[in-house]
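The structure appears right after this line, and notes come after that.
The values are calculated or read from the model by the stated rules, or taken from the named source; none is laboratory data. None of the values given here were measured: they were computed from a predicted structure. Methodologically, a virtual Cβ is constructed for each residue, glycine included, from the backbone with ideal geometry; neighbour enumeration extends over all protein chains shown.
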Amino acid sequence: MRDTTASLGLYGLGVMGSALALNILERGFPLHVANRTASKVPGFLQEAGPLGSRAIGHESLAAMAAAMPAPRAIILMVDAGPAVDQAIDALLPHLRPGDTVVDCGNADFHDTRRRAAEIEARGLNYLGVGVSGGEEGARHGPAIMAGGRIEAWEHLAPVFEAIAAKYEGQPCAALMGPDGAGHFVKTVHNGIEYADMQLIAEVYGLMRYGMGQAPAGIGEVFARWDQGRLKSYLVEITAAVLRAVDPATGGPVVDVIEDRAGQKGTGRWTVVEALALGQSASTIEAAVGARGWSAEKETRAAGEAILGSPRGPVQVSEGDLEGALLAGRIIAYAQGFRILLAASENYVWGLDQARVAETWRAGCIIRSALLGDIAAAFRGEMPMGQLVLAPAFAADLRASLPALRRVVAAAALGGHPVPALSAALAFADTFAQGRGTTDLIQGQRDYFGRHGFVRLDTGAVHQHGPWAG
Ligand code: NAP
């Protein structure tokens, strides 16, 4: 049995909480557990089997806190939002200075900043911890992105490092910065995840509906790509999903799945925060928007009848599709890391981008072969702090952007929507032009609002055009 300086408790035995609790117990830490619906606790202890001997079940959160010896560390794994505030309210009368509240759900980082300030003001510790990897990750090794005070992190680091995924022996668990930093990094992780999934789905759509290939064959292609530069968890599971056969119909499983996706908010938060920070995560935004459009299935069906589907054949090579996906993925990561930099500057978090990339190398959904190179790029030369300008990635993009351009052009001509691939190409083309077209926008703004502009020839500011009469 392992020892920590704090007694550990976990509240919320849903999908993630149960899996995380079993992981903690398996690593040798004794654990107190409770759940809002108390009747789930005995079921959990039974499911835990021999591991359950190290777990102590309680009737309620308050009863658990009261029974735990100080100093306590209580992990909340409940729905993000009011459930976390309610749990904190129930806990506070039982906590003493030195105790730590740990929110491991997908909290909005603004909430985490507020809660951290309120709880730290009472002499308690607060950690906002992003946990990625789904149920499987939580059970056997997630990526862990923490935010809070260093003393609070160091207190619990042995637990988090023990339960985290390992990359070449190194735990994928780190303190990202103060208060909301961990939940913000998790939010951007999810934004990149949305983009990567959408890019993959667009490439699949071209092969399926533009090139007439069967799902199983497309799955084989993804499995091959998973051996190369695109190696990643998402490409690996794409191959598995496309090759799966539905026992009821004998056909591909993907053909019996409704094309309507849900979202819980983290993708949208990434886009909202990007815009608030003066950034545009256009590839991520395209993916979030595409999920929104997917939910409007009835409207799409009506649109197909009224507008007529333009979908026709597409001719692109497998190599071009692979290159397009690689370019899109690099740009999605680059936009995500650019938001992290902007947030770090705005909230004074001191985020270490290389460390973020390293934390994402195992356990999380966006783990991929690129992340080691991304970490190296952040430790090396990075013109203007833009990942796409780092020498290794600039070389990758110079090689793969022609493929992305051919794929987007073929998709447009064939009537196939590729919003994320198109957004990625527009981003790359924008940042490959020293002179854009905003001169005209500035002229328009000055015309109607006398906003003024900078003259290129003299450098003079607050200049006006001759249109004002
Ligand atoms: P889940 O299976 O639906 O479980 C939800 C848990 O929250 C249950 O224990 C539930 O208690 C509890 N709960 C809900 N409302 C509550 C309230 N008002 N007061 C007290 N407890 C309440 O959800 P989950 O997938 O485990 O997700 C838990 C957290 O992890 C969420 O923040 C989620 O975003 C995050 N997360 C999920 C994943 C994933 O892949 N699922 C990955 C990373 C992070 P009852 O049993 O009484 O209903």
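Could you grab me the full set of residues in segment 448-461 that are of a type outside the set (A, V, I, L, M, F, W, C) and surrounded by fewer than 11 Cβ atoms within 10 Å (Cβ to Cβ)?
Of everything in segment 448-461, those that are of a type outside the set (A, V, I, L, M, F, W, C) and surrounded by fewer than 11 Cβ atoms within 10 Å (Cβ to Cβ) turn out to be GLY449, ARG455, ASP457, THR458, GLY459.
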Criterion (under 16 Å from ALA423 (Cβ atoms) and either at pLDDT 95 or above or among the hydrophobic types (A, V, I, L, M, F, W, C) (or both)) met by exactly one of LEU325, LEU341: LEU325
Set ALA362, ALA369, ALA343, ALA354: member being surrounded by fewer than 20 Cβ atoms within 10 Å (Cβ to Cβ), of a type outside the set (Phe, Trp, Tyr) and touching a residue at least 60 places away in the same chain (Cβ under 8 Å): ALA369
Residue list for segment 98-111, restricted to those being more than 10 Å from the ligand (Cβ to nearest atom) and at pLDDT 95 or above: ASP99, THR100, VAL101, VAL102, ASP108, PHE109, HIS110, ASP111
Checking THR187 against (1) touching a Phe, Trp or Tyr at 6+ places or on another chain (Cβ under 7 Å); (2) more than 16 Å from the ligand (Cβ to nearest atom), the condition it does not meet: (2)
From the options VAL78, VAL41, residue that is in contact with a strand residue (DSSP E or B) (Cβ under 6 Å, 6 or more places away or on another chain) and among the β-branched types (Val, Ile, Thr): VAL41
Residues of segment 14-55 that turn out to be within 8 Å of the ligand (Cβ to nearest atom), under 16 Å from ILE74 (Cα atoms) and free of Cβ contacts under 8 Å to residues at least 60 places away in the same chain, as a count: 3
Number of positions in segment 59-81 that are in contact with a Gly (Cβ under 8 Å, 6 or more places away or on another chain) and either outside any loop (DSSP other than H, G, I, E, B) or not acidic (Asp, Glu) (or both): 13
Positions within segment 112-138 being within 13 Å of the ligand (Cβ to nearest atom), crowded, with 19+ Cβ neighbours inside 10 Å and of a type outside the set (A, V, I, L, M), in sequence order: THR112, GLY128, GLY130, SER132, GLY133, GLY137
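Can you tell which of VAL203, VAL245, VAL253, VAL235 is of a type in the set (A, V, I, L, M, F, W, C), surrounded by fewer than 16 Cβ atoms within 10 Å (Cβ to Cβ) and over 23 Å from TYR347 (Cβ atoms)?
Just one listed residue meets the conditions, VAL245.
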Cβ-Cβ under 7 Å pairs, at least 6 apart or on other chains, segment 261-278 side over 15 Å from VAL185 (Cβ atoms) and within 16 Å of the ligand (Cβ to nearest atom), far side part of a helix (DSSP H, G or I) and hydroxyl-bearing (Ser, Thr, Tyr): ALA261/SER294
